[in-house]
Amino acid sequence: MPTTTYSVTGMTCGHCTAAVTEEISKLTGVQQVSIDLVAGGTSAVHVTSESALDEAAVREAVDEAGYELAAS
């Protein structure tokens, strides 16, 4: 299972990471989400999934949580 790391901006606390984790976890095939929080900076979001995820779907999930996927 591939693990992909995405850069997300705008997160500042545990509530933020929970919101992003919840939204990304809803995507089909996602097995695990872990986040290295950098409060006020760019956080690393590690997503393990059954197959590669569509970046647009990940971007939409992050947007739904109220944050922004940084340009890759």
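Computed from the coordinates by the stated procedures, all read-outs in this text should not be read as laboratory data. Given the structure is predicted, the values throughout are model-derived calculations rather than measurements. All Cβ positions, even for glycine, are placed from backbone atoms using ideal geometry, and neighbour counts span all protein chains on display.
Taking a label point 7 Å from the Cα of Met1 along the Cα→Cβ vector, which residues of region 33-72 have an amide N closer than 17 Å to it? Correct set: 33-35, 45-54. Once the Cα-Cα distance is subtracted from the 0.36 nm per residue extended length, the Arg59 to His46 segment shows a gain of 3.3 nm. For region 38-50, 3J(HN,Hα) computed residue by residue from phi via the Karplus equation (6.51, -1.76, 1.60; θ = phi - 60°) reads 10, 4, x, x, 9, 8, 8, 10, 9, 10, 9, 9, 5 Hz, glycine and proline entered as x. Taking amide H as placed 1.01 Å from N in the peptide plane, the amide H of Gln32 sits under 5 Å from that of Thr48, each at least 5 places away or on another chain.
For region 13-22, backbone phi angles converted through the Karplus equation (6.51, -1.76, 1.60; θ = phi - 60°) give residue-by-residue couplings of 7, x, 4, 4, 5, 5, 5, 5, 4, 4 Hz, Gly and Pro being listed as x. Fraction of C-alpha pairs exceeding 20 angstrom in the chain: 15 percent, rounded to a whole number. In region 3-69, Cα pairs under 8 Å separated by at least six residues give a relative contact order of 44 percent. Most simply put, region 3-69 has about 100% antiparallel DSSP beta bridges, counting only bridges with both residues inside it. Couplings for region 58-64, taken from phi via the Karplus curve 6.51 cos²θ - 1.76 cosθ + 1.60 with θ = phi - 60°, read 5, 4, 5, 5, 5, 4, 4 Hz in order; Gly and Pro are left as x.
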